[in-house]
Amino acid sequence: MSNASRKCNKVGRRKTIPAEWIDAGKQDLIASLAKKYKVDLIMNACDPSFNVPIFEAAYQYGCIYMDMAMTLSEPHPERPFEQCGIKLGDYQFERAAQWKRKVF
């Protein structure tokens with residue numbers, strides 16, 4: 001039994017606080033799980049290397065997304081030592097207006 005399952009059993013709310021293992025790198029699996037439980041919010045507390053698939057799954061499903069970190073920076077593809085590529089969080093911030101139109 002996972003630690004999350006033990007915690008859910010301890011508080012006695014397995015139906016309202018389900019615990020399931022999922023590969024945080026698989027966008028479609030995350031979106032399917034969100035749909036299964038009809039979630040209103042996906043709270044991302046994973047390592048930032050998983051932010052993109054979790055972020056995109058929340059958008060794909062159409063729920064609110066909350067993150068405890070930001071997408072990682074990426075170097076410039078041709079001139080990594082002269083120019084900035086994608087800065088920390090830019091991936092998410094660039095989609096704010098699009099997200100609001102879909103979810104709200």
Inset, instruction - Taking GLU74 as the residue in question, decide whether it is in contact with a strand residue (DSSP E or B) (Cβ under 8 Å, 6 or more places away or on another chain) and among the acidic types (Asp, Glu). - result: yes
Inset, instruction - Exactly one condition in (1) over 23 Å from ARG6 (Cα atoms); (2) within 10 Å of the chain's Cα centre (by Cα) is not met by ALA24; state its number. - result: (1)
Legend entry - Counted residues, region 36-63 - those being open to solvent by less than 30 Å² (accessible area, probe 1.4 Å) and either part of a helix (DSSP H, G or I) or among the charged types (D, E, K, R) (or both): 6
Inset, instruction - Taking the residues in region 15-27 that are among the charged types (D, E, K, R) and open to solvent by 100 Å² or more (accessible area, probe 1.4 Å) as candidates, determine which candidate is modelled with the highest pLDDT. - result: LYS26
Inset, instruction - Give the residues of region 65-94 that are outside any helix (DSSP H, G or I) and within 14 Å of the chain's Cα centre (by Cα), sorted by residue number. - result: TYR65, MET66, ASP67, MET68, ALA69, MET70, THR71, LEU72, GLY89
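Residues checked against (1) touching a helix residue (DSSP H, G or I) at 6+ places or on another chain (Cβ under 8 Å); (2) at positive phi:
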{"residue": "LYS35", "(1), (2)": "yes, no"}
{"residue": "LYS38", "(1), (2)": "no, yes"}
{"residue": "SER49", "(1), (2)": "no, no"}
{"residue": "VAL52", "(1), (2)": "yes, no"}
{"residue": "TYR59", "(1), (2)": "yes, no"}
{"residue": "ILE64", "(1), (2)": "yes, no"}
{"residue": "MET70", "(1), (2)": "yes, no"}
{"residue": "HIS76", "(1), (2)": "no, no"}
{"residue": "PHE81", "(1), (2)": "no, no"}
Inset, instruction - Test ALA97 against the stated conditions and say whether it is more than 24 Å from LYS26 (Cβ to Cβ) and either modelled with pLDDT of 90 or more or in contact with a helix residue (DSSP H, G or I) (Cβ under 6 Å, 6 or more places away or on another chain) (or both). - result: yes
Legend entry - So PHE81, is it open to solvent by 40 Å² or more (accessible area, probe 1.4 Å) and of a type in the set (A, V, I, L, M, F, W, C): yes
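The values are calculated or read from the model by the stated rules, or taken from the named source; none is laboratory data. The shown structure was predicted, so the numbers you read here are calculated from the model rather than taken from an experiment. Quick reminder, even Gly has a Cβ in these numbers, built from the backbone with ideal geometry, and neighbours come from all protein chains shown. These accessible areas exclude ligands, DNA and RNA; they are computed on the full protein's heavy atoms, side chains included. Shrake-Rupley method; radii C 1.70, N 1.55, O 1.52, S 1.80 Å.
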